[in-house]
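Note sheet for the following structure.
Here, each number is a calculation from the coordinates, and none is a lab measurement. Just so it is clear, the model here is predicted, and its values are computed rather than measured. Note that we place each Cβ from the backbone using ideal geometry, even for glycine, and neighbour counts take in every protein chain shown.
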Number of protein chains: 2
Amino acid sequence: MESTNGTATGRAVTLRDVARLAGVSVATASKALNGKQQVRAETRARVVQAAEQLSFSPNTLAQGLITQRSGTVGLLTSDLEGRFSIPILMGAEDAFGSDQTSVFLCDARGDTIRERHHLRALLSRRVDGLIVVGARPDTRPSLGRDLPVPVVYAYSPSDDPADLSLVTDNVDGGRLAVDHLIRCGRRRIAHITGDPGYSAAQDRARGAQARLAEAGLELAGGEVWFGMWSEAWGRGATRLLLDRCPDVDAIFAGSDEIARGVLDVLHEAGRDVPSQVAVIGYDNWTILAANARPPLTTVDMNLEELGRIAAQRLFAAIGGTLGTGVETVPGRLITRESTAPLG
Amino acid sequence: MESTNGTATGRAVTLRDVARLAGVSVATASKALNGKQQVRAETRARVVQAAEQLSFSPNTLAQGLITQRSGTVGLLTSDLEGRFSIPILMGAEDAFGSDQTSVFLCDARGDTIRERHHLRALLSRRVDGLIVVGARPDTRPSLGRDLPVPVVYAYSPSDDPADLSLVTDNVDGGRLAVDHLIRCGRRRIAHITGDPGYSAAQDRARGAQARLAEAGLELAGGEVWFGMWSEAWGRGATRLLLDRCPDVDAIFAGSDEIARGVLDVLHEAGRDVPSQVAVIGYDNWTILAANARPPLTTVDMNLEELGRIAAQRLFAAIGGTLGTGVETVPGRLITRESTAPLG
DNA sequence: TACGTTTCTGAAAACCTTTTCGGTCGACCG
DNA sequence: CGGTCGACCGAAAAGGTTTTCAGAAACGTA
């Protein structure tokens, strides 16, 4: 039976076929292909050659059935359209060697019952482990303690301290940003950020203020400008800021979106960036940061790294036992042209 | 053995356990749970109850082994970080009922040998089908004709006409954009777009010009302004355009990024949008389009829809036979505030 | 009572691979 | 030459499910 355009080509070739062609039993064929010691070099060569000739590829389902290890992990996300899952996913993907482990991607779309649903399906598929990545860097409900596989929470930590969670270090990120501005010689530093209901906003602000305090400085404008995660808020807040505090020489924006708004208004107001006012963003969302005028210095959360670590922890946990608590991954500064030493 | 924090909890519960608890054989247990006719209602109830009590979930690997259907599909992408794969993926995800089918996500990162690698792995896992989504809307090499499973190419069409490809309708998209501008009463319409090496750029331009011709109009500036897919090019081209053709009353930008650049320069030049110049983008990349000043009217490529259709075609093809050729999915206009009737 | 029918149940094969364990064969030693 | 040993190979079980087919039970009919 010929294979015509996607129609399955008869039966798939199995180890039996290989064995038959090589003139050995399936047992030795298996051993030969898996590099076991129990087979003569000459026999092994014959088997390998037969396998290639038939372009045999072992049925992973059957393997999984007997080894009790499927070689798959589930990635349960809640914001696919968001920009957080994707880098994490990529990091995870390349931490598992792609030939060893494949990842099932499930998007729960923020819906708890859909999440339970996906969870059931994944367990039914006998995944070896689970990575749960949330939509925002706030605590999320645990999946529970009595799952048959290890779970790592990424980005959104679990509310159960017995789980293992990996999060970005927002406090340190805020500190990083302000530290950079101070090193640039800035002294009148303002902080415009997003929704105060986000712990990310609070943490970054805390880190920023801590670093300011160390330098004996106060926030320009006297307080953190909380608002929304949008360009429009960036614009609005900047207008107010320039009004109230015209001698500001640096602005730390809580996100690249906000930073875009900040840049816009500074431009309108005729303040040069970076010579008069330095601006730093957060997220390193390339489309926004790299295309800004001028290109935006920003804090990268190292999400791929976070994903990679999540995968490593999970991998280590499979078969072994998992750590607990919240592990924190530091970000890094990406310097572009929106910041520069003063003078 | 207790389950402690992710460590596997002894042996998983199997159909045998259910059968034993219900006092029947595994055969009847299977039939009972799968709604087969061969079992008395009372027996079925007993089995179901036992299954729930043990919270049994069938081993999909074993099922797949015998039914020759794994209930999985592979999604092979080349631009995870890009904005095209994700909506397609989401569309696909919700077209397959999530309890029926799970999707393996693989990112080849534009590397052909990594792609072969992933392909082998997916076939080894006995996926029921494959969706291949490319990074750019140009032709890509076919995976080949003699695969054991059906394949649908999305976004990037395959170079083999015997394959089934689904692409966005760029010609129609260009027409849509210009049609909207004409209906707004605009007559001096310019087109600034990206890299002329992209068929998307060419097609959109062709559609735009076709619609202009129907209205007896010519492109303002005389020609299409090809360049790069960047804000910077949008800015540069707009400056040139205003210079050469100051009475332009509408600009069709080949992407939202370009449109952002266009808006920036118009703003600087003191041209009001939309009262003096209407601007329309392409992609409906929300972060750019909705946050623009003013919010950007744009063409949405309906990528989720494309993903959904891809999944449907694939689903239909599994077991049956697949269509061939290139199928085209129309986009739709998203009107925001950057366009409005003249006067 | 004998027999046919219908309805339900269970044994067993099948899916494909890995792994254990016993067996064969030749070589080597005493 | 008998025995031991090592190297290599194959038969068979296992993993969890579905499906086929034969058998059992219950019931109605002649």
**Q.** Among A:129, B:241, A:311 - extreme Cα towards positive end, dipole of the protein assembly as shown, charges at beta-carbon
**A.** A:129
Q.
Need the full-extension length gain, residue B:312 to residue B:160, defined as separation in residues times 0.36 nm minus the C-alpha distance. One decimal, nm.
A. 52.6 nm
Q. Considering the dipole of the protein assembly as shown built from charges on the beta carbon (Lys and Arg +1, Asp and Glu -1) around the Cα centre, which of A:174, A:279, A:252 is farthest to its positive end?
A. A:174
Q) If you line up the long axis of helix B:231-244 against the longest principal axis of chain B, both from Cα atoms, how many degrees apart are they, to the nearest 10? A) 20
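First measure r as the distance between the Cβ atoms of residue B:340 and residue A:240, then evaluate 1/(1 + (r/R0)^6) with R0 = 22 Å and state the FRET efficiency to the nearest 0.05.
Details: r = 30 Å, r/R0 = 1.35.
According to the calculation, E is roughly 0.15.
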Q: Take every DSSP beta bridge whose two residues both sit in chain A, then give the antiparallel share in percent to the nearest 5.
A: 10
Q | Average silhouette area of chain A, convex hull of alpha-carbon atoms, in square nanometres | A | 23.2
Q. On a 0 to 90 degree scale, rounded to 10, what angle separates helix B:112-124 from the longest Cα axis of chain B?
A. 30
Q: Could you tell me which of A:292, A:29, A:221 has its Cα farthest along the dipole of chain A towards the positive end, charges placed at Cβ (Lys, Arg +1; Asp, Glu -1), taken about the Cα centre?
A: A:29
**Q.** Debye log10 I(q)/I(0) at q = 0.25 Å⁻¹ for segment A:183-261, Cα point scatterers
**A.** -1.23
Q. To the nearest 20 debye, what is the magnitude of the charge dipole of chain B about its Cα centre, counting +1 on the Cβ of each Lys and Arg and -1 on the Cβ of each Asp and Glu?
A. 1280
Q: Any chance you could give the angle, 0 to 90 degrees and rounded to 10, that helix A:256-268 forms with the longest Cα principal axis of chain A?
A: 30
Q. According to a simple spin-label model (label point 7 Å from Cα along Cα-to-Cβ), what is the distance in nm between residue B:232 and residue A:26?
A. 6.1
Q: State, to one decimal in nm, how far the label point of residue A:206 lies from the label point of residue B:214, with both points 7 Å from Cα in the Cβ direction.
A: 6.0
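Expressed as cubic angstrom per residue, what is the convex hull volume of the alpha carbon set of segment B:15-58?
Working: hull volume 2.4 nm³, N = 44.
Measuring per residue, one finds 55 Å³ for the Cα hull of segment B:15-58.
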Q.
List the residues, sorted by chain then number, that are 5 or more residues from residue A:250 or on another chain and whose placed amide H is less than 5 Å from its amide H.
A. A:188, A:190, A:278
Q.
Per-residue Cβ counts within 10 Å, from other chains only, averaged over A:310-319: what number is that?
A. 1
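Which shape class applies to segment A:281-343: rounded if a/c is under 1.5, otherwise prolate when a/b exceeds b/c and oblate if not, where a ≥ b ≥ c are the square roots of the Cα gyration tensor eigenvalues? Write out the running numbers ahead of the final one.
Values: a/c = 5.15, a/b = 2.99, b/c = 1.73.
Prolate, since a/c reaches 1.5 and a/b exceeds b/c.
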Q | Shape box of segment B:1-156 [Cα atoms, principal axes, largest first, Å] | A | 60, 40, 25
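What per residue convex hull volume, in Å³, do the alpha-carbon atoms of segment A:195-341 yield? Numbers along the way, then the final one.
Values: hull volume 18.5 nm³, N = 147.
Dividing the Cα hull volume of segment A:195-341 by its residue count gives 126 Å³.
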Q. Convex hull over the Cα atoms of the protein assembly as shown, averaged projected area in nm²?
A. 36.0
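I'd like the antiparallel share, as a percent to the nearest 5, of DSSP beta bridges with both residues in the protein assembly as shown.
10
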